[in-house]
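Read-outs: derived from the displayed coordinates by stated rules, not from any lab. Every value quoted in this text rests on a predicted model; they were computed, and no experiment measured them. As a convention, Cβ positions derive from the backbone with ideal geometry for all residues, glycine included, and neighbour counts pool all protein chains shown.
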Amino acid sequence: MPTTGYRSQGVAAAVALVNAVTVTGDDGDEALRALLREHGFAWREFTPEEAGLYRDWARTLRPFFEAAELADAVALLNELLLRIPMNPHLSVHDGHGLHLHYAPPSAGLLARFRASTLMWLAALVCEHGLGRTGVCAAQGCARVYADTSRAGRRRFCSESCANRTNVAAFRARRRM
Ligand SMILES: [Zn+2]
Ligand SMILES: [Zn+2]
């Protein structure tokens, strides 16, 4: 279903932004533009001030991925859902089928990005609680992840972190 793909792409956008800003530091203006483009948010010129607001948004979302208790994650999302302007409406554009936009129709890219990432994360939590999001389980890795796959058993940010951890566990077992 194309709508599912559209949504998982938005969750991936939130994850990529949080990791770029709070972990890798690859969050210069050009890098942020590339990140938005890559995740289906149409490219727009943004001012250095707006770039700063994307970085703020990444820091705002990070505690959601770190939340150990569902109640904390829900409280954070609810607070943001009240704060971020929402005005859901249906839209068709750029080859996407009919889908929901959450920000007001007149809103700029930043407002749309905030509203969309928030709604997609909220939908994920309604379906799966905290079972699909978190901080990478690999030692020394602070990246966050979101799992929108059918199986939903992911605990690592990447294949390389999963492999590294499995190899370390195997060696530890052999030493015993
Ligand atoms: Zn759209
Ligand atoms: Zn990792």
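Across the chain, the mean sequence separation of Cα contacts (distance under 8 Å, 6 or more residues apart), normalised by length, yields a relative contact order of 20 percent. Simple rule: put +1 on each Lys or Arg Cβ and -1 on each Asp or Glu Cβ in the chain, find the dipole, and look at 140, 73, 98; the Cα lying farthest toward the positive end is 140. Counting 0.36 nm for each residue step from residue 166 to residue 99 and taking away their Cα separation leaves a gain of 20.1 nm.
In the chain, the DSSP-assigned H stretches of four residues or longer account for a calculated mean residue ellipticity at 222 nm of -18500 deg cm²/dmol, using -39500 (n - 2.57) per stretch and the full residue count as denominator. Computed packing ranks the peptides 135-148, 114-127, 9-22 as 9-22, 114-127, 135-148, most packed first, by mean other Cβ atoms within 10 Å. Mean-square fluctuations from a GNM of the chain, with a 10 angstrom spring cutoff on Cα atoms, peak among 150, 112, 62 at 150. In this structure, the amide hydrogen of residue 86, modeled 1.01 Å from its nitrogen in the peptide plane, lies closer than 5 angstrom to no residue at least 5 positions away or on a different chain. The residue 37 and residue 72 beta-carbon pair, evaluated with R₀ = 25 Å, returns a calculated FRET efficiency of approximately 0.15.
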